[in-house]
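Please read the structure below before turning to the comments.
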2 protein chains.
Amino acid sequence: MPVGTQATVKGLSQRDLHDDLHAPIILSNTYHLFLRPGHELIRKLGGLHNFMSWSGAILTDSGGYQVFSLSDLRKITDEGVTFQSHLNGDTHKFTPASTVDVQMALGSDIMMVLDECPEYPVSHEYARVSMQRTVSWAGEAMRHFHGLRGQWHEFPNPRQALFPIVQGSMFPDLRSECAEQLVELDADGYAIGGLSVGEPRPLSMEMVEATEPHLPRDRPRYAMGVGMPLELAEYVARGVDMMDCVLPSRNARNGWLFTSQGKVVIKNARYRDDAGPLDPNCGCYTCRNYSRAYLRHLFQAGEILFASLATRHNLARYLDIMGEIRQSILLAQFPQYLESQRRLAAIRDEDRNGE
Amino acid sequence: MPVGTQATVKGLSQRDLHDDLHAPIILSNTYHLFLRPGHELIRKLGGLHNFMSWSGAILTDSGGYQVFSLSDLRKITDEGVTFQSHLNGDTHKFTPASTVDVQMALGSDIMMVLDECPEYPVSHEYARVSMQRTVSWAGEAMRHFHGLRGQWHEFPNPRQALFPIVQGSMFPDLRSECAEQLVELDADGYAIGGLSVGEPRPLSMEMVEATEPHLPRDRPRYAMGVGMPLELAEYVARGVDMMDCVLPSRNARNGWLFTSQGKVVIKNARYRDDAGPLDPNCGCYTCRNYSRAYLRHLFQAGEILFASLATRHNLARYLDIMGEIRQSILLAQFPQYLESQRRLAAIRDEDRNGE
């Protein structure tokens, strides 16, 4: 899922995202939209799809992650989290019920429950307390959502799903316990949160492995905030169906491009007079129309067209990889595909530093 | 002509500019391209059209205006102008011949001769000296260009035109004299430069009026660096065929939008929940797909998509106005059209402050 933080995938029009990239679903951030322009304004304007002219699906996070990573002076209690806006310092409170209300006003297709995403590392003791709070919040959010059932039709999108989030820091026992408890909520899908918070990659994979067996096979599983291109198949191999990540779009803006032949750091002098496309195997708008030399010039000159063209390509690359994965599964060749990705990972440094 | 300073109209892909806006010609800046990425690199990559994937026409200025407005420590002699790059302080020299060489390497369709664009105001004495230098440079440039005739086919574009530029500050006698002398060069077209340098608007118009009768009727006349939307018909009424201006694109990025109903300063709170299109009479991509409320949100949030969508609209507005002017001329109704624009100018403050 491409990330559209503030109701826009940075630099991309809906034509780029829908007609060209065929992105079926994007993610948008509740925390940001709550602060600006405000969920009630978006509700008044017919919901987030209408507001941003997006006809595909939208997943909104609960805002919890941004509260923990962006806002000042946050205070967590069993009731919820109080925080100051990173924009103007105003104090706000998110509770499990209030973040459902906000996401119902936004009218996303998939909502996420409020969770606590602990930093890394934390003690087993803290991780347990935090995990139990996340489980308890998930229950509150779900009861609140179903309690509003009679009013769903008054919101922009009367057919929303609500996913709980498995936490438990880097402790397999807590991950398993959390998943087991959340499954009792019988939700439409489940997320695995608290990854990509600074832990080594093998640990992220281990946490997914500790969680996955407990999640129902007939519901989508969503690994939040991952991953690098060659990791996508690893997550899928561990039972993950959905992922979101800012890497393709953020790295694009920084001139870090993912191609079928490995990474291209476009500012490198070797691309100065390179008349070839960014990725000869890519059919995206950027690769069909522009040379590496031109892209490098735009980057060096600080031109905003660079961000737009680079983002189109990186997202195309990610969506192409997911397409390859789906195709290999349909052809019963996923193990071979995974093996090929692992061989590439061993020889490429693409995944070692992306920011 | 939309302005594509650094080989890009800021924020617009060629699809936006060509397929959507049908811009037949754009302007690009020799000074900027000379410094970065360098004209020899662009020549090596097949010329500016190839480099930026632009299939329409391109006019390049001579770089003179930017040398006078952007660079440090410039020194003018009868030979040319020595200046320091605004990027890194390197010293360079532009001569009438060298700027032709640079533009031949770029391969634009219309080249401009090096001119001196005096600041405003200057004395009649200085304006005369400067104007004579511009005339003398135009002759040198033209002789240099025709002297290379045998080698034209070695450059990216063997069918380039070269336009001299009428100067003379705000003195009608100097403007007339300059035009008369330049016409002897029998060029493919003529430009009127040195406008929009801080002078009152009636003075700009007066300078065009002093110049126009001396220019041949069968060659295009190009007023450089003008104007506001309601002024376009005024220039056409004075015999001008071509104009370029950064206003539509620069003002777009600053949230200042030109519509058929007057200006829209998108940050104004009145647009906060405005679900209507930016301009209900406009058929551009932005107006077809997005609301004022969404555009305001993008602007407030500092999103780069705003620059792209706003620029598409403002350029569509300018090109629409030029289309209206052409249509009214074909229908022999230009005087009525001009009158309608003057009535609007009297009641709108659109043209009073655009930057």
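Things worth noting here:
- Other protein chain C-beta atoms within 10 Å of residue C-beta, averaged over B:298-306: 6.
- Rg/Rh, computed from the Cα trace of region A:279-350 with Rh as the Kirkwood radius, has the value 1.09.
- For the listed peptides B:29-37, B:119-127, B:250-258, a ranking on the average number of other beta carbons within 10 Å per residue, highest first, reads B:29-37, B:250-258, B:119-127.
- Extending 7 Å from the Cα toward the beta-carbon at both residue B:339 and residue A:332 defines two label points whose distance is 8.2 nm.
- 0 to 90° range, to nearest 10: angle between helix B:172-183 axis and chain B longest Cα axis: 70 degrees
- Cysteines not pairable in chain A (beta carbon separation under 4.7 Å absent): A:117, A:178, A:245, A:284
- Rounded accessible area of residue A:240 (nearest 10 Å², 1.4 Å probe): 10 Å²
- Heavy-atom accessible surface of chain A: percent carbon and sulfur, 1.4 Å: 49 percent
- Dipole of chain B, positive end: most advanced residue of B:3, B:277, B:331 [Cβ charges, Cα centre]: B:277
- Beta bridges by DSSP in region B:1-157, antiparallel share as percent, to the nearest 5: 50 percent
- Remark on residue A:74: its backbone amide H falls under 5 Å from those of A:84, a criterion applied only to residues 5 or more positions apart or on other chains, H modelled at 1.01 Å from N.
- Remark: region A:105-257 carries a charge dipole of roughly 380 debye about the Cα centre, counting +1 on each Lys and Arg Cβ and -1 on each Asp and Glu Cβ.
- When each of A:10/B:267; B:10/B:267; B:10/B:75; A:44/B:10; A:10/A:267 is checked by Cα-Cα distance, pairs over 23 Å: B:10/B:75; A:44/B:10
- In this assembly, the A-B interface accounts for approximately 3400 Å² of buried accessible surface in total, computed with a 1.4 Å probe and without ligands, DNA or RNA.
- The mean number of Cβ atoms from other chains found within 10 Å of a Cβ in peptide B:2-12 is 4, as a whole number.
- Inter-label distance, nm, simple model (7 Å from Cα along the C-beta direction), residue B:265/residue B:184: 5.1 nm
- Enclosing the Cα atoms of the protein assembly as shown in their convex hull gives a volume equal to 177 cubic angstrom per residue.
- Efficiency of FRET from Cβ geometry, residue A:120 and residue B:159, R₀ 56 Å, rounded to 0.05: 0.30
- Inter-chain Cβ neighbour average for residues B:16-22, partner chain, 10 Å: 1
- Available extension along the chain between residue B:40 and residue B:273 is 78.8 nm, counting 0.36 nm per residue and deducting the alpha carbon span.
- Accessible area per residue for region A:148-211, computed on protein heavy atoms with a 1.4 Å probe, is 40 Å².
- Charge dipole (Cα centre; +1 on Lys/Arg Cβ, -1 on Asp/Glu Cβ; no other charges) of the protein assembly as shown amounts to roughly 240 debye.
- Region A:246-355 - accessible surface per residue (Å², probe 1.4 Å): 45 Å²
- Shape of chain B, Cα gyration tensor, a/c cut at 1.5: prolate
- Per residue, region A:1-129 exposes 36 Å² of solvent-accessible protein surface, assessed with a 1.4 angstrom probe and all protein chains in place.
- Check: region A:277-355 dipole with +1 on Lys, Arg Cβ and -1 on Asp, Glu Cβ, in debye: 140 debye
The values are calculated or read from the model by the stated rules, or taken from the named source; none is laboratory data. Remember, it's a predicted structure, so these values are computed and weren't measured experimentally. Note that we place each Cβ from the backbone using ideal geometry, even for glycine, and neighbour counts take in every protein chain shown. These area figures cover heavy atoms from the full protein model, side chains too; ligands, DNA and RNA do not enter into them. Shrake-Rupley method; radii C 1.70, N 1.55, O 1.52, S 1.80 Å.
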